[in-house]
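Here you go, one structure.
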Amino acid sequence: MTRTGRASGSGEARASAAADRGAPEPEGRDLEGRDPEAWSPWASGPEVTDAEAWPLGAGGPEDTSPGATSQKGRGSGSRSTEARDPEARARQICLRLLTVSPRTRAQLAQAMHRRGVPDEAAEAVLTRFTDAGLIDDAAFARAWVESRHYSRGLSKRSLSAELRRNGVQNDEIREAVDALDPEQEVDTARRLVERKLASSRGRPPEARARQAAGMLARKGYPPGLAFRLIREVMQQEGAELDEMDADAYLDPDAQDPGL
């Protein structure tokens, strides 16, 4: 029983600390000599597993924590109590997920819906957590933009699409992406082009241009900016390139981010 009390307290403390920071430090590799394709630890989006939604030690479907087996009987009693108090169940789900990483209101609502929490109880807990600062979609969006732009070089367009898929509202998305300086976005795209072209020296100019254009398209940069930067960088190298046709160089496998 003592162990359970410590785990619950530390979980709430970690959730509160995560909310105060707004987001974890970006763990993806940045553009300074490291892999710009590194995927952010937040890339999983709103998906939440059943195991994450079960409190540790309560005998959930994936629970292999020490003492879980011996607590099956007591866990059953706890779940019976939660069945009578759906808000207690909702609080446990939210605290467990927020302890792992910041989440949007929509992500938490989805997790509770999948675990069968009544909408009224879920909304009450979401409102209480938002008022307490444990849920802050605006801070989530700002941290997401900073992390994903500097670790993966994503454009405002791609960042907006990702935030929308994570359930962030349009006003908060706009505020977060507008904080990214347009000149910084161009500078990031230029550095991505320089690195891509540097890795393909010796190949035909048209093939190098096509690879660089496809890379920028997948990151959400518009064709006009992409080809202007590709031409500038290749001219600085002394490479000759015929007049470029954007349609001929676009990567057919590039995916539209959805905006």
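Laboratory data are not the source of any read-out in this text; all were calculated from the coordinates shown. Just so it is clear, the model here is predicted, and its values are computed rather than measured. Cβ placement follows ideal geometry from the backbone for every residue including glycine, while neighbour counts extend to all protein chains displayed.
Dipole size in debye (nearest 20) for the stretch 182-249 around its Cα centre, Lys and Arg Cβ +1, Asp and Glu Cβ -1?
420
Tell me the label-point distance for the pair Glu123, Asp85, using the 7 Å Cα-to-Cβ offset, in nm and rounded to one decimal.
Using points 7 Å along Cα→Cβ, the separation is 2.3 nm.
Could you compute the net charge surrounding Arg105? Neighbours are other residues with a C-beta less than 13 Å from the C-beta of Arg105; K and R count +1, D and E count -1.
Residues close to Arg105 contribute a combined charge of -3.
Would you mind estimating how fast the stretch 182-249 diffuses translationally, via Stokes-Einstein at 37 °C and 0.692 mPa s with the Kirkwood radius over Cα pairs, in µm²/s?
Reported coefficient: 279 µm²/s.
As an exercise, identify the trypsin sites (Lys or Arg not before Pro) in the stretch 181-241 lying in DSSP coil whose Cβ has no more than 12 other Cβ atoms within 10 Å.
Hits after loop and neighbour filter: Arg201.
What are the residues whose amide H is under 5 Å from the amide H of Ile135, where those residues sit 5 or more places off or on another chain and H is modelled from the backbone?
Thr130
Please work out how much length the chain gains when fully extended from Val186 to Ala106, using 0.36 nm per residue of separation minus the C-alpha to C-alpha distance, in nm with one decimal.
25.6 nm
Under a Cβ-Cβ cut-off of 9 Å, what is the net charge of the residues other than Leu180 that fall near it, where Lys and Arg count +1 and Asp and Glu count -1?
With Lys, Arg at +1 and Asp, Glu at -1, the neighbours total -3.
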